[in-house]
Each structure stands twice: as structure tokens, then as C-alpha cells.
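Peer 1: A single structure is presented below for examination.
The values are calculated or read from the model by the stated rules, or taken from the named source; none is laboratory data. As the structure is a prediction and not an experimental result, all values here were calculated from the model. Here the Cβ is made from the backbone with ideal geometry for all residues, glycine too, and neighbour counts use every protein chain on show.
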Amino acid sequence: MCGGFSCSKNALIALNILYIMVGFLLISVGVYGRAASIVTNLPIVGGILACGIILILISILGLIGSARHHQVLLFFYMIILFILFLIQFSIACSCLAVSSEQQQQFAEEGWNKVSNKVKEEVQNTFYCCGFNSTSTDHPSCDAVQSLCCPTNSPTSCSCSPCLPKLEDVIDYAFKLCGGIGLFFSFTEFVGVWLTVRYRNQKDPRGGSSAFL
């Protein structure tokens, strides 16, 4: 088992490099979650994105503390990383626990808040008209109607509402953010444990900086 000072130091440095890559991954997932839903207000997905940004900043702090075996930096790194673990774990569980009814509610709130230009973009992207079968608050569907219905289609042909097409996209964004966030939150707990272990080890080189 790796139990020496140098091994713990290298392991912690490698883990923080991994955290930086994970942070960029979480940011990418969060951006995708927002872009994919287009009209939906997804604060939980935004939380995943924020965790990615914070994780990158904390990882830089961890790299400096690990390289110097700086007790103060390692202490704050350990505390902040543990808090981030709790936040990210909670947000990830929330993403996975959101029901289809709640997703529809998010979508409807987002639809009501955005401008007609965004609604028109959604209609053109998903080939749909209006939010649901009863909604009237939407821009003209004349432009997208020709895409939904071929020229030789019956006059009764019309574009379907946007909600059924948005549901799959929103559900995938939630599951993707929740799954990745949950998986990597446990690596942060490993980082806390490794930091505690590393802080309590004495630098064999000695010197005044060993326990600063």
C-alpha cells in the first residue's frame, strides 16, 4: 500500500489535476444542460456548473498546498473540498430525483419568461408550435408549419406542441448532470481523506516549512 510521504504527495497532486479536468467536464455538462433545454430555467443544472468552477479554483489551491506541504493551505483546501462534496452530492441527488411533473413545471415557467424570439427559436429547432395544446402565448407558426407538414399533406396537418419534444431533452440533461456530479462527488471525499493523511505525515527533508 502506498503510505510514504512522497507517494501521498504525488497522489494528492495527481488527484487535483484530475479535479481540474473534472471541473471542466462539469462546466461542459452544465452548459449543455442549459443549452439543450433552451427555454427552461434549470437552477439545479446551474448548481452543477458552479460546482465545476469552484472545483477548478480549489484544485489550484490544493496543488500549491500539496507541492509545498503547507499546513494552512491544506487545511482550508480540506474544509472547502468537504463542503463542496456535500453541496455537489446534494445537487446531484436533486437532479436524479426530479420527477417528470417537476420537469414540466420548470419548462412551463421558462417558456412564460422568455421572449417571443427565443420561443420562435425553440419552435424552429424542434419543429413544434406553442408550449402545449392549449397555449396561445407563442409567435406565429407559419414559418415552421411548412417544415412539419409536407406540401402534399392534408390541410388538417399541424405542428405538435413543444412540450413533448422538450421533455426528453430536459430529462436527459438532468440525468446527465446528476450522474456525473454524483460519481465525481465521491472522488472529492477521497481527496479529503488523502489530505488529512498527507497533512499528518512529516516531510523527510525536514526544515522549517514542514509544518507551516
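Peer 1: Would you point out the residue of region 191-210, among those that are surrounded by fewer than 13 Cβ atoms within 10 Å (Cβ to Cβ) and not small (Gly, Ala, Ser), that is modelled with the lowest pLDDT?
Peer 2: Going through the qualifying residues, I end up with ARG205.
Peer 1: Which one is surrounded by the most Cβ atoms within 10 Å (Cβ to Cβ), of the residues in region 66-96 that are farther than 16 Å from PHE186 by Cα and without any contact (Cβ under 8 Å) to a residue 40 or more places away in the chain?
Peer 2: Among them, the one singled out is LEU73.
Peer 1: While we're on this one: Among the residues of region 56-108, what is the count of those that are assigned to a helix (DSSP H, G or I), over 20 Å from ILE20 (Cβ atoms), more than 17 Å from the chain's Cα centre (by Cα) and polar (S, T, N, Q)?
Peer 2: So the answer is 5.
Peer 1: Give region 98-151 a look and list any residue that's exposed (fewer than 15 other Cβ atoms within 10 Å of the Cβ) and in contact (Cβ under 8 Å) with a residue 60 or more places away in the chain, or say none.
Peer 2: Correct list: SER100, GLU109, LYS113, THR125.
Peer 1: In this structure, does VAL144 turn out to be closer than 30 Å to ILE27 by Cα and aliphatic (A, V, I, L, M)?
Peer 2: No; evaluated as a whole, the condition is false for this residue.
Peer 1: I would also like to ask the following. If you go through region 173-190, how many residues are among the aromatic types (Phe, Trp, Tyr) and either surrounded by 14 or more Cβ atoms within 10 Å (Cβ to Cβ) or farther than 16 Å from LEU84 by Cα (or both)?
Peer 2: Qualifying residue count for the region: 3.
Peer 1: Can you tell me which of CYS177, CYS141, CYS157 is touching a Pro at 6+ places or on another chain (Cβ under 9 Å), on the phi < 0 side of the Ramachandran plot and either modelled with pLDDT of 75 or more or not hydroxyl-bearing (Ser, Thr, Tyr) (or both)?
Peer 2: CYS157
Peer 1: Looking for something within 30 Å of ASN16 (Cα to Cα) and either within 22 Å of the chain's Cα centre (by Cα) or exposed (fewer than 12 other Cβ atoms within 10 Å of the Cβ) (or both) - is there at least one such residue anywhere in region 161-172?
Peer 2: yes
Peer 1: Restricting to region 113-133, name every residue that is more than 13 Å from SER160 (Cα to Cα) and either part of a loop (DSSP other than H, G, I, E, B) or of a type in the set (Asp, Glu) (or both).
Peer 2: Within region 113-133, VAL114, SER115, GLU120, GLU121 qualify.
Residue-by-condition table, conditions (1) aromatic (Phe, Trp, Tyr); (2) modelled with pLDDT of 80 or more; (3) more than 14 Å from GLY181 (Cα to Cα); (4) touching a Lys or Arg at 6+ places or on another chain (Cβ under 9 Å):
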| site | (1), (2), (3), (4) |
| --- | --- |
| PHE76 | yes, yes, yes, no |
| LEU84 | no, yes, no, no |
| ILE91 | no, yes, no, no |
| LEU96 | no, yes, no, yes |
| GLU101 | no, yes, yes, no |
| GLY110 | no, no, yes, no |
| LYS113 | no, no, yes, no |
| LYS119 | no, yes, yes, no |
